[in-house]
Structure formats: structure tokens, C-alpha cells
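The values are calculated or read from the model by the stated rules, or taken from the named source; none is laboratory data. If you're wondering where the values come from, they're calculated on a predicted model, not measured in any experiment. Neighbour counts run over all protein chains shown; Cβ positions are idealised from the backbone, glycine included.
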Amino acid sequence: MKSEYDRYRAGSDSDPQPGRSRLVDREIRQTVGEFWVDKPRLRCRDVNVFYGTKPAINRVSIDIGSNEVIAMIGPSGCGKSTFLRCLNRMNDTIDSCRVSGTIMLDDEDINRPGVDVVLLRSRIGMVFQKPNPFPKSIRENVAYGPKIHGLARNRTELDEMVETSLRRAGLWDEVKDRLDEPGTGLSGGQQQRLCIARTIAVSPEVILMDEPCSALDPIATARIEDLIGELRENFTIIIVTHSMQQASRISQRTAYFHLGDLIEVAPTRRLFTNPRHQLTEDYITGRFG
């Protein structure tokens with residue numbers, strides 16, 4: 001029996017012609033491209049988001065594969081960050097926000113009644129646009145998650161988790177002699193890597209990153225991008241970015257959003273060199289954005 005992905009690949013969007021495919025018209029808002037994957041870690045179907053009565057996301061369907069970096073791009077206000085926040089229910093903190101549709105983490109519907117949101121956010125961690133270390137020491141920032149989730153049986157295990165997380169975040173050698181100093185005293189790039197260390201300390205399955213380099217200088221940005229490539233070996237990473245160059249450097253797939261619609265999903269190199277939708281080509285060639 002064919003899978004949903006196989007049926008899609010055999011459908012009308014597959015392009016039997018070699019070379020450049022014919023572009024889908026701007027007025028067609030249905031997603032084109034490779035938005036299903038085999039054995040997805042996250043499976044989203046017909047996700048809608050409303051702020052009051054105003055729609056922000058329109059029937060978005062996409063799969064996120066294991067151990068991949070997928071970039072979400074699009075002009076400001078297109079809905080990419082709103083969609084990202086659906087994936088660990090951060091939109092729950094906004095009273096006027098309503099989410100419908102299905103989001104499955106493995107075989108669990110994350111929006112079903114009774115889901116422990118604290119536990120969910122340990123499985124799907126988030127790194128924000130602006131570094132936000134706690135007003136605590138470097139050590140306490142990283143140890144916070146393992147402590148509240150009871151992941152360490154004693155101080156020795158906790159210290160090992162702190163060191164392992166800081167090493168994974170590429171920060172250990174820079175802070176190992178000042179772990180008891182405030183995390184807020186680090187540079188911007190170091191603070192962002194500290195926040196990444198804090199996120200991975202609880203061993204999440206998925207890491208969400210909402211423009212994690214937008215406030216950083218080019219050197220710190222390069223460090224974060226290198227780190228994302230290393231973390232992919234152990235985590236699934238979904239990153240929202242305004243930088244098409246960054247998306248092309250770090251992701252295996254890219255999703256393009258426009259006015260609340262998911263317009264196109266494709267392997268990154270293909271999307272940037274041979275888009276299938278006119279709106280995608282308009283964006284990546286600078287006609288708007």
C-alpha cells in the first residue's frame with residue numbers, strides 16, 4: 001500500500017521534465033514541493049492560527065524529519081514565527097490566540113487535552129531571537145532544566161550534565177573557569193550559546209530557533225551556524241531566519257511562507273536555484289521582501 005508521501009510524489013506536482021519547471025501562478029496558494037517525508041519526527045496537518053478573528057496561519061501542512069535542519073523563510077509578518085511557536089505551544093501564552101489542526105510529535109497529538117506542556121517544552125526546546133539567560137550563574141542557567149525535571153540524582157551527575165551541555169554548545173573552554181559568574185555578563189554570542197546549552201541540557205528531541213543570530217555580529221553568527229551543523233547529529237532543528245544566505249548555508253530543506261500560507265517546501269539547494277512557485281521566485285530574487 002502506498003504511503004501518503006508516495007501518493008504525493010506520484011501526483012500532479014512531480015515534474016517529469018528535466019531542467020527548469022513551470023512556475024505555479026501567484027494566485028494559487030496551495031503548497032507546492034516536498035512537504036511530506038518518510039518517518040517524520042513532527043507531522044503537521046491543516047494548522048490554522050487566529051488572533052481573535054484575524055487569521056495568521058492558513059491550513060499549513062508540513063513534516064519535519066529526524067536529524068534535519070529545516071529553515072523557514074519569508075517576509076516580515078508572513079507567519080513563520082507564529083507557526084514555529086505552535087510547535088511547542090508557546091502561543092498558549094497569548095489569550096487571543098487560537099490554534100486548530102493537528103500537530104503530532106511522533107505519535108502524540110501535542111494539542112490534545114491533558115498534555116503536560118512543561119514536559120512538551122522539554123521535548124521541543126526553543127531558542128529565542130534575543131539571548132535571554134536567567135539572572136543566575138552560568139552553571140545555574142544550564143542546571144535549571146535538569147533540576148526541575150529531576151534528571152540528575154546528585155550534584156556530580158548535575159555537574160556532568162552542565163559540562164556536557166556547555167561542550168556541545170561550544171562554550172565550555174570559554175567559561176569553565178567562571179561557571180559561578182552571572183550568565184548575563186557574557187557577550188551576546190556567548191549568551192546565545194549559553195541559551196542553547198540550557199536548551200539541550202534536558203535532551204530535547206527538537207530544537208526551535210527563532211532568528212537566533214539576528215542580534216549577533218558576523219563572527220558570533222558563524223559560531224552559531226557551525227554549532228547548528230554539529231547539533232544536527234543529535235537533534236532535529238527548525239530555524240526561522242530572515243537571511244536567505246543563512247538558510248542556504250545551514251539547512252537541508254527550506255519552507256517559504258507568504259501572508260500566512262506555506263507556499264513552497266523543497267530541498268534547500270533546489271528551492272533557491274529552481275523554485276516551483278512564482279511567489280518563491282519573487283522573494284528569492286528580491287522582487288519583494
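A few comments on the model shown:
- You will find that of 281, 230, the residue that is in a helix (DSSP H, G or I), at pLDDT below 95 and surrounded by fewer than 23 Cβ atoms within 10 Å (Cβ to Cβ) is 230 and no other.
- Options 92, 109; residue that is surrounded by fewer than 16 Cβ atoms within 10 Å (Cβ to Cβ), out of contact with any helix residue (DSSP H, G or I) (no Cβ under 9 Å at 6 or more places or on another chain) and within 28 Å of residue 58 (Cβ to Cβ): 109
- The stretch 108-123, residues that are in a helix (DSSP H, G or I) and either out of contact with any Asp or Glu (no Cβ under 8 Å at 6 or more places or on another chain) or of a type in the set (A, V, I, L, M) (or both): 117, 118, 119, 120, 121, 122
- Comparison of 32, 69, 37, 99 shows that the only residue that is in contact (Cβ under 8 Å) with a residue 60 or more places away in the chain, hydrophobic (A, V, I, L, M, F, W, C) and more than 30 Å from residue 166 (Cα to Cα) is 32.
- In the set (1) more than 18 Å from residue 196 (Cβ to Cβ); (2) assigned to a helix (DSSP H, G or I), residue 219 fails one condition alone, (1).
- Reported count of residues in the stretch 39-80, each being outside any strand (DSSP E or B) and farther than 23 Å from residue 267 by Cβ, is 4.
- Per-region count, the stretch 254-289, residues more than 16 Å from the chain's Cα centre (by Cα) and more than 14 Å from residue 58 (Cα to Cα): 21
- Unique match (being closer than 27 Å to residue 75 by Cα, surrounded by fewer than 23 Cβ atoms within 10 Å (Cβ to Cβ), of a type in the set (D, E, K, R) and free of Cβ contacts under 8 Å to residues at least 60 places away in the same chain) among 173, 217, 210, 177: 217
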